[in-house]
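Structure first, commentary second.
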C-alpha cells in the first residue's frame with residue numbers, strides 16, 4: 001500500500017486496487033494482445049479493401065448503432081486519421097439522446113432508406129459496419145444494401161456473441177454472415193468481462209477492441225496505398241504548435257460534397 005501526503009501534511013494509506021478492477025484491465029490487455037493473432041488474415045483483407053478505396057479516391061463509410069456509433073465517430077476528423085471518412089450516423093440515434101429510442105431504431109429496417117438518401121456511394125468506396133452482437137436489424141439491412149450497390153463491407157463483431165444468438169433481420173442472417181470481411185473483437189457474450197460479487201457482470205470491451213481493429217485496418221490500408229503511389233490525406237493534430245484551423249478547411253474541400261458532416 002502506498003503512503004500519500006495530504007495537503008495538510010497528514011499522511012494516509014491508500015487502498016489497493018479492487019481485484020475486479022485489475023481483472024478488467026488484465027482481460028482487456030490480454031484481449032488487445034490477442035487481436036493481431038486472431039484477426040491476422042482478416043486484417044490483411046480489410047487493409048487491402050481500405051487501400052483500394054484510398055487509391056480510387058473513394059470514401060470509407062462507417063456505420064454503427066447504439067454504442068457502436070462511437071466507433072464511427074472515432075475515425076472522423078481524427079488526429080492521426082484520414083479525411084475521406086464518412087460516418088453514416090444520425091444524432092437522434094445517439095444513446096444520450098433517447099436511450100430506449102436508440103434501441104428501437106437499431107431493430108428497425110425503416111431508417112435504412114433515409115441513410116441511403118442522405119449519403120453518396122460509389123464503387124470505389126468501402127464500408128465498415130460495427131455491431132457487437134451482429135444480430136440487430138439495421139446494421140444487417142445496411143450491409144445488404146451496400147452489397148447490392150457493389151460496395152465491399154467489413155464487419156466488426158464478437159464472433160462468440162454472434163454465434164450464440166439468432167438474427168433479428170428478416171433474412172435470418174447475422175452481420176458476420178453478410179459482410180465480406182469479419183474482424184472479431186474477441187469479447188465475451190453480453191459484452192461484460194468481469195463477474196461481480198453477487199453474480200452480475202460488468203466491464204464492456206467491445207468499444208476498446210473495435211477502436212483498435214478499426215485503426216489497425218485504416219493504418220494498414222493507408223500504408224499499402226502509399227506504397228502503391230497514392231497520396232492519402234492524413235490529418236495532423238490541431239494541437240500541434242503552428243497548426244491553424246484554416247488548414248483543415250482546405251483539406252475538407254476535396255471531400256465535403258461527398259461527406260455531409262464535413263460541411264459544417
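The values are calculated or read from the model by the stated rules, or taken from the named source; none is laboratory data. These numbers were taken from a predicted model, which means no experiment stands behind them. Note that each Cβ is placed from the backbone with ideal geometry, even for glycine, and that neighbours are counted across all protein chains shown.
If residue 194 passes every condition in (1) under 27 Å from residue 143 (Cβ atoms); (2) surrounded by 19 or more Cβ atoms within 10 Å (Cβ to Cβ); (3) at pLDDT below 95 but one, which one does it miss?
Residue 194 satisfies every listed condition except (1).
Among the residues of segment 42-88, write down those that are assigned to a helix (DSSP H, G or I) and on the phi > 0 side of the Ramachandran plot. Give the steps one after another, and end with the answer.
In the first step, residues of segment 42-88 are kept if they are assigned to a helix (DSSP H, G or I); the result is 42-55, 66-74.
Residue satisfying the conditions is 66 alone.
Hey, among 67, 161, 97, which residue is modelled with pLDDT under 85, over 22 Å from residue 47 (Cβ atoms) and within 18 Å of the chain's Cα centre (by Cα)?
Values: 161 fails: modelled with pLDDT under 85; 97 fails: within 18 Å of the chain's Cα centre (by Cα).
Among 67, 161, 97, only 67 is modelled with pLDDT under 85, over 22 Å from residue 47 (Cβ atoms) and within 18 Å of the chain's Cα centre (by Cα).
Which condition does residue 226 not pass, out of (1) touching a strand residue (DSSP E or B) at 6+ places or on another chain (Cβ under 6 Å); (2) without any contact (Cβ under 8 Å) to a residue 60 or more places away in the chain; (3) within 28 Å of residue 119 (Cβ to Cβ), if it passes all the others?
Just one mismatch for residue 226, condition (1).
Looking only at segment 100-119, filter to residues that are in a loop (DSSP other than H, G, I, E, B) and either crowded, with 17+ Cβ neighbours inside 10 Å or in contact with a strand residue (DSSP E or B) (Cβ under 7 Å, 6 or more places away or on another chain) (or both); which one of those is modelled with the lowest pLDDT?
Here is the first cut: in segment 100-119, the ones in a loop (DSSP other than H, G, I, E, B) are 106-110, 119.
Subset that is either crowded, with 17+ Cβ neighbours inside 10 Å or in contact with a strand residue (DSSP E or B) (Cβ under 7 Å, 6 or more places away or on another chain) (or both): 106, 119.
Working: 106: 71, 119: 93.
In this case the residue turns out to be 106.
Of the numbered conditions (1) modelled with pLDDT of 90 or more; (2) over 24 Å from residue 185 (Cα atoms); (3) in contact with a helix residue (DSSP H, G or I) (Cβ under 9 Å, 6 or more places away or on another chain); (4) part of a loop (DSSP other than H, G, I, E, B), residue 150 satisfies every one except a single condition; which is it?
Tallying (1) modelled with pLDDT of 90 or more; (2) over 24 Å from residue 185 (Cα atoms); (3) in contact with a helix residue (DSSP H, G or I) (Cβ under 9 Å, 6 or more places away or on another chain); (4) part of a loop (DSSP other than H, G, I, E, B), residue 150 fails exactly one: (3).
Do you know which residues across segment 173-199 are in contact with a helix residue (DSSP H, G or I) (Cβ under 7 Å, 6 or more places away or on another chain) and assigned to a strand (DSSP E or B)?
Matches in segment 173-199: 181, 182, 183, 184, 194.
How many residues does segment 237-253 contain that are in a loop (DSSP other than H, G, I, E, B), on the phi < 0 side of the Ramachandran plot and exposed (fewer than 13 other Cβ atoms within 10 Å of the Cβ)? Show your work before the answer.
Looking only at segment 237-253, we keep the residues that are in a loop (DSSP other than H, G, I, E, B), and these are 237-244, 253.
Going one step further and asking which of them are on the phi < 0 side of the Ramachandran plot, we end up with 237-241, 243-244, 253.
Now drop any that are not exposed (fewer than 13 other Cβ atoms within 10 Å of the Cβ), which leaves 237-241, 244, 253.
Final tally of qualifying residues: 7.
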